[in-house]
Amino acid sequence: MLMLILNVVYVLVAVAMIALILMQRGSGAAAGSGFGAGASGTVFGARGASNFLSKSTKWLAVVFFGISLFMAWYASHGARPAGEGLGVMSQAVAPAVAPSVPVGELQAVPQVAAVGDVPQAAAPTENIPVQSEEKPVEGAQKD
């Protein structure tokens, strides 16, 4: 019930912020005052709407971000038991059953190498020719 009320308030605050932001004058609004738009600034008082609209927008933004943070915290630390509302993911998984093999017929399980182990060579290395590095002739220039 709390999340439903917060979602409704959240949407209303977002719509109000959009309306207030669109009502504010931009930096290029002074150019329009020469064509008769200057009289609309007296609706909110002598100083115009900038003070009222900017303060209202600031407080609506604070409420908007506060509700956003609370809803995110509540979603991650909610009072729901683990697994509730996950659909198929909340069902318990049955462990896989290995086929029954008589004890005398068990085969060896291959070992998994640990990180950093060097694998042993499978073939003997005595028939592999060793390539040596060519040494430069004395007095020759290196590239």
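Within region 59-80, if we keep just the residues that are modelled with pLDDT under 90 and small (Gly, Ala, Ser), the residue that is farthest from Met23 (Cα to Cα) turns out to be Ala79.
Residues checked against (1) of a type in the set (Phe, Trp, Tyr); (2) more than 24 Å from the chain's Cα centre (by Cα); (3) modelled with pLDDT of 95 or more; (4) part of a helix (DSSP H, G or I):
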position: Leu4; (1), (2), (3), (4): no, yes, no, yes
position: Val15; (1), (2), (3), (4): no, yes, yes, yes
position: Leu20; (1), (2), (3), (4): no, yes, no, yes
position: Gly38; (1), (2), (3), (4): no, yes, no, yes
position: Ala46; (1), (2), (3), (4): no, yes, no, no
position: Asn51; (1), (2), (3), (4): no, yes, no, yes
position: Thr57; (1), (2), (3), (4): no, yes, no, yes
position: Ala82; (1), (2), (3), (4): no, no, no, no
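The values are calculated or read from the model by the stated rules, or taken from the named source; none is laboratory data. On a predicted model such as this, the values are computed, not experimentally measured, just so you know.
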